[in-house]
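What follows is a set of notes on a single structure, which appears directly below.
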Amino acid sequence: MSIGCLYCDRNQVQKDLMIEICDLEVSTVFLFKEQTYKGRCVVAYKKHDEELYELNDYELLAFMKDVNKVASVLKKLFKADKINYGAYSDKLPHLHIHLVPKYTDGTDFGGTFVMNPQQTYLSETEYAAMIKDIKNELEK
């Protein structure tokens with residue numbers, strides 16, 4: 001049954017924006033298709049909660065461990081100078097965090113990342129290679 005949430009429904013809008021990489025303890029990791037910020041991913045909580053404060057202590061710790069694990073992998077794989085974390089959810093009420101690698105000489109370094117600049121898209125082969133690398137590191 002659809003509840004109108006792209007993370008719960010796994011609808012076409014979601015498939016147009018991101019590619020599922022894998023499940024972690026309490027979340028699912030997605031590669032954001034728009035890659036202006038090389039390596040950008042989204043970590044979405046598996047249950048339909050909207051706010052961090054809705055989680056109990058175990059769920060909160062587990063979610064933040066998932067986020068931390070993905071951030072560490074992105075920093076390592078893509079040699080990011082900084083990982084930005086975005087958890088806005090104004091128009092999409094489902095707990096998820098954007099992990100946005102930033103580079104000193106790259107787009108928007110020192111400022112807020114653009115949610116969807118719609119400038120950099122990859123080939124299916126390039127997406128597959130990134131997903132394979134991320135998944136391999138997450139499974140270690």
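What follows is calculated from the coordinates using simple rules that are stated; it is not laboratory data. All values reported here derive from a predicted model rather than from experimental measurement. Virtual Cβ from ideal backbone geometry, glycine too; neighbours counted across all protein chains shown.
Each peptide in 75-85, 52-62, 33-43 gets a packing score, the mean of other Cβ atoms within 10 Å over its residues, and the list from highest to lowest is 33-43, 75-85, 52-62. Isolated cysteines of the chain, defined as having no other cysteine beta carbon under 4.7 Å away, are 22, 41.
Hull volume per residue, based on the alpha-carbon atoms of segment 20-127 and their convex hull, is 109 Å³. Within segment 64-140, the GluC sites (Glu not before Pro) that combine a DSSP coil assignment with at most 16 other C-beta atoms in a 10 angstrom radius are 139.
Checking the cross-link pairs 38/76; 15/46; 38/69; 15/69; 47/102; 65/91 against a 21 Å limit on the alpha carbon distance flags 15/69; 47/102; 65/91 as lying beyond it. Protection proxy ranking for 107-113, 44-50, 23-29, using the average of other Cβ atoms within 10 Å per residue and placing the highest first: 23-29, 44-50, 107-113. Seen through its C-alpha gyration tensor, with square-root eigenvalues sorted a ≥ b ≥ c, segment 32-92 comes out oblate because a/c lies at 1.5 or above while a/b is not bigger than b/c. Less than 17 Å apart at the alpha-carbon level, and either on another chain or at least 8 residues along: which aspartates and glutamates does that give for residue 135? Hits, sequence-local ones excluded: 20, 23, 25, 66, 124, 126.
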